[in-house]
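Here it is: the structure, laid out below.
The values are calculated or read from the model by the stated rules, or taken from the named source; none is laboratory data. Keep in mind that this is a model prediction, so the values were computed, not measured. Neighbour counts run over all protein chains shown; Cβ positions are idealised from the backbone, glycine included.
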Amino acid sequence: MTARHTVRWLSSLGIIIALRSGNRPWGKDENTHRAYVTSQLLLLWWHFFDHVRWLQQIEWLSGDANKMKNVAFTGFAFSAAISFIYNLRLYLNPTPEILSDENRLQAIIRQIIKHGVTVIANLHISELYKTHEVICGACGAIASVVDIYDTYPRLKN
């Protein structure tokens, strides 16, 4: 666990660089851009408070690490909820470009699934809404499968 947390110390850098770049990956609409920025700031929230929690666990900081876990994962849950809503909106109101690109439409469906199960898992982890450990674990596994599928290239027939 210590190695994993140590590696994650700089993982927020990509989010910060993306936010500073001014790019609008969710489109030019101002409200959509605000939603994107909010989702990214909530991811930074998760990173920051997860680091604080780890420092509490190794007793470099005082405080209740379990309560800090709840605070950290609340940010992750809300970030995933915003991303879920954004992708669901794309799917329910697709642009002509999306409708003409089956791969893009399938990618949006995968993101809906990934962010939906991420919300469920993180609501459980943050204890905002407890489900069951099996449900939480299955949701995390599904989100990981979607990430793996989107990350690694597939072989062509």
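How many residues are in a helix (DSSP H, G or I) and either in contact with a Cys (Cβ under 7 Å, 6 or more places away or on another chain) or not hydroxyl-bearing (Ser, Thr, Tyr) (or both) if we restrict to segment 136-157?
Count: 13.
Output the residue which, of all residues in segment 117-135 that are touching a residue at least 24 places away in the same chain (Cβ under 8 Å) and not in a helix (DSSP H, G or I), is surrounded by the most Cβ atoms within 10 Å (Cβ to Cβ).
Per the criteria, the residue is Ser126.
Can you pull out every residue in segment 128-152 that is within 17 Å of the chain's Cα centre (by Cα) and not β-branched (Val, Ile, Thr)?
Leu128, Cys136, Gly137, Ala138, Cys139, Gly140, Ala141, Ala143, Ser144, Asp147, Tyr149, Asp150
Sort through Trp46, Trp54 and tell me the only one that's at pLDDT below 95, crowded, with 16+ Cβ neighbours inside 10 Å and of a type in the set (A, V, I, L, M, F, W, C).
Trp54
Only one of Thr74, Thr95, Thr32 is among the β-branched types (Val, Ile, Thr) and buried (at least 19 other Cβ atoms within 10 Å of the Cβ); which?
Step by step, each of Thr74, Thr95, Thr32 is checked, and only Thr74 is among the β-branched types (Val, Ile, Thr) and buried (at least 19 other Cβ atoms within 10 Å of the Cβ).
If you check Thr6 against the conditions, is it among the hydroxyl-bearing types (Ser, Thr, Tyr) and exposed (fewer than 11 other Cβ atoms within 10 Å of the Cβ)?
yes
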